[in-house]
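Below you'll find the structure, written out as structure tokens, and then a few comments.
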Amino acid sequence: MAVTDEKDIQQLKKRLIELADKAYSRNIYTYTPFLGLAEQQAYYAVEREVSYAGVRMEGGVPLCERKIIRFGDPGYEEAFPIVRMEILPRTPKFAENLTHRDFLGSVMNLGIERCKLGDIMIDGEKALLFVREELADYVIENLTRIKHTSVQVHTAPELAASYEPRYEELKGTVASVRLDSVLSLAYPLSRSKLTAYIEGGRVFVNGKLITSNGYRLKEGDIISVRKMGRIVYDGVLSETKKGRYLAAIRRYL
């Protein structure tokens, strides 16, 4: 369900409506593959049209960007087809400093489509991978190496809803709680550069595309900047005598 152009967007909208109709008419749950932030915008464009079916989105933990959409309200609860997996070096002493790109590349080299994979969160020497349940055993059996590092993979225990990967806490003064001002705390870029990112469709707040510099943030908002990471806006701590605001954010590593 990768979205690359307007034709793909229209096809994805149609597919979402079909899944909603199937869930409602058969009184069952239906699921999408994992959808990235750009793909999720197709859902938000038809959100009102499919709301009758009952809708829920899940990625594994609240901070996940890639999510599965579930349609249906059949009167019973059913777990999302998501399995949490831990990838750890077999010999931590000799492990390389692996990046998100390293983990993702090695998993996809197993022949797995991106739509079957959720987020990959790096936490020290290990990575947490969210994957469709039908692929869990395959990943465990076949993912043995990331670059030159031998790894082991196993199913992770249940995570608390409050789980967070590693982050850096940042504080600084801003003129307002506008999106561009708060982003300047996380990324040492010029206002014009940040404006280009926002207007260019690279910034999402709570999963929704935001193209206005002046969008006013609320405490707890999750901000994702494509290819740069994500932050959480923790709100205003105090106001200075000059009318500026001391704000706090968490930038995930």
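For the stretch 97-126, taking the residues that are of a type in the set (Asp, Glu) and in a strand (DSSP E or B), the one that is farthest from the chain's Cα centre (by Cα) is identified as 123. Filtered by the rule that a residue be under 20 Å from the mean Cα position of the chain (by Cα), closer than 22 Å to residue 191 by Cβ and of a type in the set (Gly, Ala, Ser), the stretch 210-253 gives 224, 229. Scanning the stretch 207-253 for residues that are over 25 Å from residue 68 (Cβ atoms), among the hydroxyl-bearing types (Ser, Thr, Tyr) and in contact (Cβ under 8 Å) with a residue 40 or more places away in the chain gives 233, 240, 245.
Does at least one position in the stretch 147-157 carry a residue that is open to solvent by 60 Å² or more (accessible area, probe 1.4 Å), touching a Lys or Arg at 6+ places or on another chain (Cβ under 8 Å) and either at pLDDT 95 or above or among the acidic types (Asp, Glu) (or both)? Yes: the stretch 147-157 contains one or more residues that are open to solvent by 60 Å² or more (accessible area, probe 1.4 Å), touching a Lys or Arg at 6+ places or on another chain (Cβ under 8 Å) and either at pLDDT 95 or above or among the acidic types (Asp, Glu) (or both). Between 170, 129, 135, the distinction of being open to solvent by less than 60 Å² (accessible area, probe 1.4 Å) and within 16 Å of the chain's Cα centre (by Cα) belongs to 129 only.
Screening the stretch 68-96 for residues that are in a loop (DSSP other than H, G, I, E, B) and farther than 23 Å from residue 28 by Cβ and picking the one that is least open to solvent (accessible area, probe 1.4 Å) gives 95. Put simply, of 143, 183, 179, 194 the only residue that is open to solvent by less than 30 Å² (accessible area, probe 1.4 Å), farther than 30 Å from residue 98 by Cβ and free of Cβ contacts under 8 Å to residues at least 60 places away in the same chain is 179.
Regarding residue 21, is this residue farther than 24 Å from residue 104 by Cα, in a loop (DSSP other than H, G, I, E, B), in contact with a helix residue (DSSP H, G or I) (Cβ under 8 Å, 6 or more places away or on another chain) and among the charged types (D, E, K, R)? No: the conditions fail for residue 21.
Could you run through the stretch 87-139 and say how many residues are of a type in the set (D, E, K, R), in contact with a Leu (Cβ under 8 Å, 6 or more places away or on another chain) and at pLDDT below 95? So the count comes out to 2. When 49, 65, 39 are checked against the criterion of being under 22 Å from residue 252 (Cα atoms) and either open to solvent by less than 50 Å² (accessible area, probe 1.4 Å) or modelled with pLDDT of 95 or more (or both), 65 stands alone in meeting it.
The values are calculated or read from the model by the stated rules, or taken from the named source; none is laboratory data. As the structure is a computational prediction, the values presented were derived from the model and not from experiment. Neighbour counts run over all protein chains shown; Cβ positions are idealised from the backbone, glycine included. For accessibility, only protein heavy atoms count, side chains too; no ligands or nucleic acids. Shrake-Rupley method; radii C 1.70, N 1.55, O 1.52, S 1.80 Å.
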